[in-house]
1. Angle, helix 3-18 long axis vs. longest principal axis of the chain, Cα atoms, 0 to 90°, nearest 10?
2. Multiply the residue gap between residue 142 and residue 99 by 0.36 nm, knock off their C-alpha separation, and tell me the result in nm, one decimal place.
3. How far, in degrees from 0 to 90, does helix 33-45 lean away from the longest principal axis of the Cα atoms of the chain, to the nearest 10?
4. Gaussian network model of the chain, Cα springs within a sub-10 Å range: biggest mean-square fluctuation belongs to which of 141, 109, 78?
5. Using helices alone, I'd like the mean residue ellipticity at 222 nm for the chain: each DSSP H run of four-plus residues gives -39500 (n - 2.57), total over residue count, nearest 500.
6. Below 15 angstrom from the Cβ of residue 86, what's the summed charge of the other residues (Lys, Arg +1; Asp, Glu -1)?
7. How many percent of all Cα-Cα pairs in the chain sit more than 22 Å apart?
8. Within 15 Å, Cβ to Cβ, of residue 67, how many net charges do the neighbouring residues add up to if Lys/Arg are +1 and Asp/Glu are -1?
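Each value in this text was obtained by applying a stated rule to the coordinates, not by laboratory testing. Owing to the predicted nature of the structure, the values given are computational and were not obtained by experimental measurement. Because the Cβ atoms are built from the backbone with ideal geometry, glycine has one as well, and the counts that use them run over all protein chains shown.
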Amino acid sequence: MTREEKSIAIENLTAQLAGTNIIYVSDISGLNAETTSNLRRACFKAGIKLEVVKNTLLAKAMEASANDYGDLPTVLTGNSAIFISDVANAPGKIIKDFRKKSDKPVLKGAYINSEVYIGDNQLEALATIKSKEELLGELIGLLQSPAQRIISALQNKFAGSEEETEA
């Protein structure tokens, strides 16, 4: 790869990093072609972009980015692939699901909304992070719950008073 090609690749990676707040870095080495294809297909269905990257280029793109990736560049050793998503827990769920069948992919680290997570031991926590939609749904449910109880109580009270007047 020429210096110019590397420069273009770094610019492209920097643009990708700037366009998202959710990045997972993993090791997918050792996966056979069929398994890698299945992983790519699962990522595509979930709206996740999976890309194998060169560590030095990704490190330079992280350095050039406006985001603070903290210690995340330190995990860039061996083979690396990045998962770029709009949903915080989606890549974690995909990785966790694939780990039921094999020991790969191994999570190296993640950057989620300015928080840095390092190590494969973070996978369970990352896979269970609630998405924005899930949090909004819970919030709406919590807000509706008291109102529903008041309406139900009023309906029961009025239904009871109507029965008394009819009797």
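1. Roughly 10 degrees between the two axes.
2. Extra length available between residue 142 and residue 99 comes to 12.0 nm.
3. With both axes taken from Cα atoms, the answer is about 40 degrees.
4. Highest fluctuation among the options: 141.
5. Working: 6 runs with 88 residues, N = 167.
About -17000 deg cm²/dmol.
6. Residues close to residue 86 contribute a combined charge of +3.
7. Value for the chain (Cα pairs over 22 Å): 52 percent.
8. Result for the neighbourhood of residue 67: -3.
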